[in-house]
Amino acid sequence: MRFEEGAVAAFPQILDDSLDFPDPRDAVEMDGFDGLVAIGGDLSVPRLLNAYRAGVFPWTSPLITWWSPDPRAIIELDRFHIPRSVKRLLRQQPFEVTIDRDFRSVIEGCAAPAPGRRKTWISSQFIKAYTQLHDAGHAHSVECWLDGALVGGVYGVSVGGLFAGESMFHRVTGASKIALVHLVEHLRARGYMLFDIQIMTPTTALFGAINVSRDEYLERLAKVVDLPVEF
């Protein structure tokens, strides 16, 4: 979903002790990518929650950068498309699927090197921060198990009627896709209204992900972020 830290070409706001964020509509461009909102601060639970409520998320560390990309990728929960190959795998039911059984192992799996990916944006600082967010009841995971071993999963952040998908991984073919299908089913059942995936990828495009403008995303977010939805 993300890219490596680069040199800042404009002058976003530097965060201080306040937990407030600048208006994402004032984001600047970095390395040709529109959406840098602020730099600095920390990854405390209160700041992270304020960020997601404002339509912003962190992307790099130890220099923490905060982003609201334009366009923004989402999956419409009522238009979620399951590819034919994934449907076949679902019928076979090869995995045991659980929710919040082992959040830390899922985020560590997403951070681990994989074929074609030597490293990710998920640093040890992110792992610690999002595990604390999970312990506080705001970050969640879906896991896929095979013969007792964790072979895939997906995790994200829940705020009101928003679920912000952060990353997914697999060690067995199809495991992350099965985890995503189960996550969407769970979000539908619990009444979530907005599934943010931040940046389009080839995998999420297969499931019907779309891009919307930053303005449209922020308008949708404002309507759902205070809904009484529980994961």
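The values are calculated or read from the model by the stated rules, or taken from the named source; none is laboratory data. Not measured: the values here are computed from a predicted model. Don't worry about glycine lacking a Cβ; one is built from the backbone with ideal geometry, like all the others, and counts go over all protein chains shown. All accessible areas refer to the heavy atoms of the entire protein, side chains included, with ligands and DNA or RNA removed. Shrake-Rupley method; radii C 1.70, N 1.55, O 1.52, S 1.80 Å.
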Based on what the data block shows, is SER141 of a type outside the set (Asp, Glu), out of contact with any Lys or Arg (no Cβ under 7 Å at 6 or more places or on another chain) and within 18 Å of PHE231 (Cα to Cα)? yes
State the number of residues belonging to segment 34-50 that are buried (at least 22 other Cβ atoms within 10 Å of the Cβ) and of a type in the set (A, V, I, L, M). 4
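Please find, within segment 159-185, the residue that is nearest to GLU219 (Cα to Cα) out of those that are charged (D, E, K, R) and not in a helix (DSSP H, G or I).
Out of the qualifying residues, it is GLU166.
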Output the residues belonging to segment 206-231 that are open to solvent by 50 Å² or more (accessible area, probe 1.4 Å) and either free of Cβ contacts under 8 Å to residues at least 40 places away in the same chain or part of a helix (DSSP H, G or I) (or both). LEU206, ASP215, GLU216, GLU219, ARG220, ALA222, LYS223
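Per-residue answers, yes or no, for (1) within 19 Å of the chain's Cα centre (by Cα); (2) at pLDDT below 95; (3) among the basic types (Lys, Arg):
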| residue | (1), (2), (3) |
| --- | --- |
| ASP31 | no, yes, no |
| LEU36 | yes, no, no |
| THR98 | yes, no, no |
| SER105 | yes, no, no |
| ILE122 | yes, yes, no |
Taking only pairs six or more apart or across chains, which ones have beta-carbon atoms under 7 Å, a first residue in segment 87-111 that is under 23 Å from GLY156 (Cα atoms), and a second residue that is part of a loop (DSSP other than H, G, I, E, B) and among the hydrophobic types (A, V, I, L, M, F, W, C)? ILE107/ILE122; CYS110/ILE122; ALA111/ILE122
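Restricting attention to segment 8-18, and to residues there that are over 24 Å from SER167 (Cβ atoms) and surrounded by fewer than 16 Cβ atoms within 10 Å (Cβ to Cβ), which single residue is modelled with the lowest pLDDT?
For segment 8-18, the residue satisfying everything is ALA9.
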Residue that is farthest from the chain's Cα centre (by Cα) [pool: residues in segment 186-202 that are surrounded by 15 or more Cβ atoms within 10 Å (Cβ to Cβ) and in a helix (DSSP H, G or I)]: HIS186
